[in-house]
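The values are calculated or read from the model by the stated rules, or taken from the named source; none is laboratory data. Quick caveat, the model's predicted, so the values are computed rather than measured. Neighbour counts run over all protein chains shown; Cβ positions are idealised from the backbone, glycine included.
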Amino acid sequence: MTMKTSFAFALAGLALVVLALAPLVLPDYWTGVLLGMTGYVTLATAWALFSGPTRYVSLATVAFFGVGAYTVAVLNEVMPYPLVLLCAAGIGMTMALLVGLSTLRLAGVYFVIFTFGLAELVRQTVSWWEVNVTYTMGRYVFLPFEGRHIYWQLLVLAAVTLLISWAIGRSRIGLALKALGDDETVAAHAGVDVTRIKLLLFVISATIITLVGAIQAPRWTYIEPSIVFNPTVSFMTLIMALLGGAMRLWGPLVGAVPLFLLFEWLSVSFPDHFSIILGLLFILIVFVMPNGVLAKFDDLRKGNRA
Amino acid sequence: MSAQLKITNLHKRFGGLVAVKDVSFNLHPGEVVGLLGPNGSGKTTVMNMISGALTCDAGRVNVNGVDLTRMKPHRVAKHGVARTFQLVRPLPTLSVAENVLLSLAFGRKRHWGREARDLVEEKLAFVGLAGRGDEQVGNLTYIDQKRMEMARALASEPSLLLLDEWLAGLNPSELRIGIDLVQHLQGQGMTVLLVEHIMEAVRALCSRCIVMSAGEVIAEGPSAEVLDQPVVIKAYLGDDHA
Ligand SMILES: Nc1ncnc2c1ncn2[C@@H]1O[C@H](COP(=O)(O)OP(=O)(O)O)[C@@H](O)[C@H]1O
Ligand SMILES: [Mg+2]
């Protein structure tokens, strides 16, 4: 490891310690803010893990997020918490494998539309199941967690996600991902098993996203499909990653922190107009910054014409 | 001598168009063979079927005794077949060195780390891009992009190289450099299938030629003989010149 990397690691470690100690001195409200922010940092980083280099823009974030939360809601009284998390990860992974195998052939806008549809499909299926099979309209999550307990778990997950992103970025898989984002045909002729690598990254990304949903579930106490499958989660994750730069290790974090604070303030100050403002902001970011960090997404999947 | 590349009765149609019809030929180890023919005669399609970019409708592709028919491109690459593209296809978000590293990392021997970096430099030096690995491919001139693509192809350590009009678009002095490079490879024992329109290059490089027209092989043999055959001249220039 070079001096520079060691220094970066030391700095990141220090920041982690400070962040971990923060709830001991901060009022509960600010712990809650940190919690939500860490959740989105993790979501955006995990999203960018796959969508950044491959340029497959996924709106399925909330499908996995919601499945994670629902798994906890269904299983939290049946088995010990660590096992519940493991189940959530397993379910997310299996779902990602199935979705990936059937959709990673789709290119460009078809993939975007499919992933958006998938999130709706999962939400409707869960609703239907709850109403017609289990006869429950919503579920309660009774876990003895305070905000800071959830925050600490998310902090660990965020750190692990960044570590995975860092490791992939310097591995041959990271190189292959960048290459196939540019031109799948060239990557394949260079010896890259394009389908396998895309699937691998989609599964890793989706599993982390599922875990974010699972860990955050106890925060709501009461859970129903419209809460945990809210498409806003997908859109917010997407613009955070895009704003900061989905191709860089720290990009999603850099985008997530200010945007989360902004959204937090907006939802408190303008609760009725939040969606409109979110939409406008989305358009603004995409149109006003085409030459910024978003330039990379302008030529969305441009390189993949065979 | 056993054939290194053996193509038998390859066939490919696109909708109603028969692009390649019953094409068979062999390449022996160390041979540089020209694949000629007017535009649209099916040369690129043949190359695509060898490299796995397209699957054939019928026929077989055999390289070094291994049946590669209908194999995916990444597996074909691992069996020692590398290619360049008719229109250069650099990977723009990767540096020059990373473009080459990709083939080393996923080629036959899966090089990585310091050893791979040394090999990248070696390949770049071979094509005349020594010390330019950190440059962005977008800043390279046309011939340098072609060089980089050649380095990327060689980095997967192939035994058979498919060059699709690799020399096209070069000015006369660049062409000389390009021909020298291929001759250098030939000297190292590389087997090359060369799609080419520039007769100067064909005469300089190819001991043997295969000529296609409208998807079929119409002539085959030593370059000097084949290029003067009336049927070949007619295919290239039309009836008036035969
Ligand atoms: N992917 C494709 N889809 C449809 N037609 C194609 C495709 N590739 C090539 N062709 C057609 O097949 C014929 C042979 O093309 P090609 O192999 O590129 O010729 P050449 O390389 O000899 O100029 C042409 O008529 C071309 O238009
Ligand atoms: Mg061609």
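Here are some notes:
- If only residues of the stretch B:84-132 that are touching a residue at least 40 places away in the same chain (Cβ under 8 Å) and among the β-branched types (V, I, T) are counted, the one that is farthest from B:T44 (Cα to Cα) is B:V96.
- Residues in the stretch A:1-48 that are of a type in the set (A, V, I, L, M, F, W, C) and touching a Ser or Thr at 6+ places or on another chain (Cβ under 6 Å): A:L43, A:A44, A:A46, A:W47.
- Selected residue (criterion: nearest to the chain's Cα centre (by Cα)) from residues of the stretch B:80-97 that are of a type outside the set (A, V, I, L, M, F, W, C), more than 8 Å from chain A (Cβ to nearest Cβ) and assigned to a loop (DSSP other than H, G, I, E, B): B:T84
- B:E157 within 14 Å of chain A (Cβ to nearest Cβ), away from ligand 2 (no atom under 16 Å from the Cβ), surrounded by fewer than 20 Cβ atoms within 10 Å (Cβ to Cβ) and not in a helix (DSSP H, G or I): yes
- Residue count for the stretch B:11-57 satisfying the condition of being part of a strand (DSSP E or B) and either in contact with a Gly (Cβ under 6 Å, 6 or more places away or on another chain) or within 16 Å of ligand 1 (Cβ to nearest atom) (or both): 16.
- Identity of the residue in the stretch B:98-132, more than 13 Å from B:L154 (Cβ to Cβ), among the hydrophobic types (A, V, I, L, M, F, W, C) and part of a helix (DSSP H, G or I), that ends up nearest to the chain's Cα centre (by Cα): B:F106
- Restricting the stretch B:100-121 to residues that are buried (at least 19 other Cβ atoms within 10 Å of the Cβ) and at the interface with chain A (Cβ under 8 Å from one of its Cβ atoms), the residue that is farthest from A:A179 (Cα to Cα) is B:G107.
- From the list A:A246, A:A241, A:A206, A:A256, the lone residue that is crowded, with 19+ Cβ neighbours inside 10 Å and in a loop (DSSP other than H, G, I, E, B) is A:A246.
- The lone criterion from (1) of a type in the set (G, A, S); (2) more than 14 Å from every other protein chain (Cβ to nearest Cβ); (3) within 16 Å of ligand 2 (Cβ to nearest atom); (4) surrounded by fewer than 22 Cβ atoms within 10 Å (Cβ to Cβ) left unmet by B:A53 is number (2).
- Evaluated against (1) away from ligand 2 (no atom under 16 Å from the Cβ); (2) under 17 Å from B:I210 (Cβ atoms); (3) within 13 Å of another protein chain (Cβ to nearest Cβ), B:A77 falls short on exactly one condition, (2).
- Candidates A:L143, A:L97, A:L101, A:L106 - the one that is away from chain B (no Cβ under 14 Å), within 28 Å of B:P73 (Cα to Cα) and outside any helix (DSSP H, G or I): A:L106
- Filter pass, B:V61 being more than 25 Å from A:K178 (Cβ to Cβ) and either buried (at least 17 other Cβ atoms within 10 Å of the Cβ) or touching a Ser or Thr at 6+ places or on another chain (Cβ under 6 Å) (or both): yes
- Close Cβ contacts (under 9 Å, 6 or more residues apart or on different chains) running from residues in the stretch B:150-173 that are on the phi > 0 side of the Ramachandran plot to residues that are away from ligand 2 (no atom under 13 Å from the Cβ) and part of a strand (DSSP E or B) comprise B:E157/B:A82.
- Filter result for B:E174 (surrounded by fewer than 21 Cβ atoms within 10 Å (Cβ to Cβ) and either outside any helix (DSSP H, G or I) or within 16 Å of ligand 2 (Cβ to nearest atom) (or both)): no
- Single match in B:Q229, B:Q145 (criterion: out of contact with any His (no Cβ under 9 Å at 6 or more places or on another chain), at pLDDT below 90 and farther than 21 Å from B:V61 by Cα): B:Q229
- Those residues of the stretch B:133-146 which are surrounded by fewer than 18 Cβ atoms within 10 Å (Cβ to Cβ) and assigned to a helix (DSSP H, G or I), in sequence order: B:G138, B:N139, B:Y142
- Count of the stretch A:185-202 residues which are at the interface with another protein chain (Cβ under 7 Å from one of its Cβ atoms), farther than 16 Å from A:A107 by Cβ and part of a helix (DSSP H, G or I): 1
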